[in-house]
Amino acid sequence: MIARQTQEVFADCHDGDTNIRVSTWIEKLLAVKDNLEYGIVSSERTTNRWAYMDEKLLMMDFRTALAQNLYQLNVLPIEANGAIFDPHIHDAVHIEETDRVEEDRVVEEIQKGYFFGEKLYRPTKVIVSKNPCQK
């Protein structure tokens, strides 16, 4: 699936369609990157350790190359883990009651967010901390 998506991204750029919007191209690259992240996590579930290592290392190398290309396009990731929740760049998908961290902190990133230059391209989907009610 990842290879097919990558081929589609580059096919759009090489079919002579010079009018492809940059944001459309970035959207497609981010979809490939998101699927790589999910693939790396799911590769840990395989029972064959050698297949796991080969698969994970290949995906990690591809993820690094893709991140470098996005960086060159000025598409920069938002670092959210541990940050104070900011509704302008974070999309809270869940609230977690915990006393491990201060309230309104990002406990976990669900999906990476990005800036395109100085403009928010995609908010980071996050889980946000809330102090448990004290009785």
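The values are calculated or read from the model by the stated rules, or taken from the named source; none is laboratory data. Note that the structure is a prediction, hence the values are computed from the model and not measured. Quick reminder, even Gly has a Cβ in these numbers, built from the backbone with ideal geometry, and neighbours come from all protein chains shown. We work out accessible area using only protein heavy atoms, side chains counted, and drop any ligands, DNA or RNA first. Shrake-Rupley method; radii C 1.70, N 1.55, O 1.52, S 1.80 Å.
In the set (1) at pLDDT 80 or above; (2) touching a helix residue (DSSP H, G or I) at 6+ places or on another chain (Cβ under 8 Å); (3) surrounded by 13 or more Cβ atoms within 10 Å (Cβ to Cβ), TYR52 fails one condition alone, (1).
For SER23, the conditions (1) at pLDDT below 80; (2) surrounded by 12 or more Cβ atoms within 10 Å (Cβ to Cβ) are fulfilled apart from (2).
Within the range 89-98, is there a residue that is under 19 Å from VAL41 (Cα atoms) and at pLDDT below 95? No, that holds for no residue.
Within the range 32-49, restricting attention to residues that are open to solvent by 40 Å² or more (accessible area, probe 1.4 Å) and assigned to a helix (DSSP H, G or I), the residue that is modelled with the lowest pLDDT is ARG49. Applying a threshold of 6 Å to beta carbon distances and a minimum spacing of six or more residues, or different chains, the list of pairs starting in the range 26-51 at a residue that is without any contact (Cβ under 8 Å) to a residue 24 or more places away in the chain and ending at one that is among the acidic types (Asp, Glu) reads SER43/GLU55.
Residues in the range 86-135 that are open to solvent by 70 Å² or more (accessible area, probe 1.4 Å), part of a strand (DSSP E or B) and in contact with a Pro (Cβ under 9 Å, 6 or more places away or on another chain): GLU97 only. Restricting the first member to the range 64-90 and to residues that are under 14 Å from GLU37 (Cβ atoms), and the second to residues that are in a helix (DSSP H, G or I) and among the polar types (S, T, N, Q), no beta-carbon pair is closer than 6 Å while six or more apart or on different chains.
For the range 56-84, a tally of residues being surrounded by 14 or more Cβ atoms within 10 Å (Cβ to Cβ) and under 30 Å from GLU103 (Cβ atoms) returns 5.
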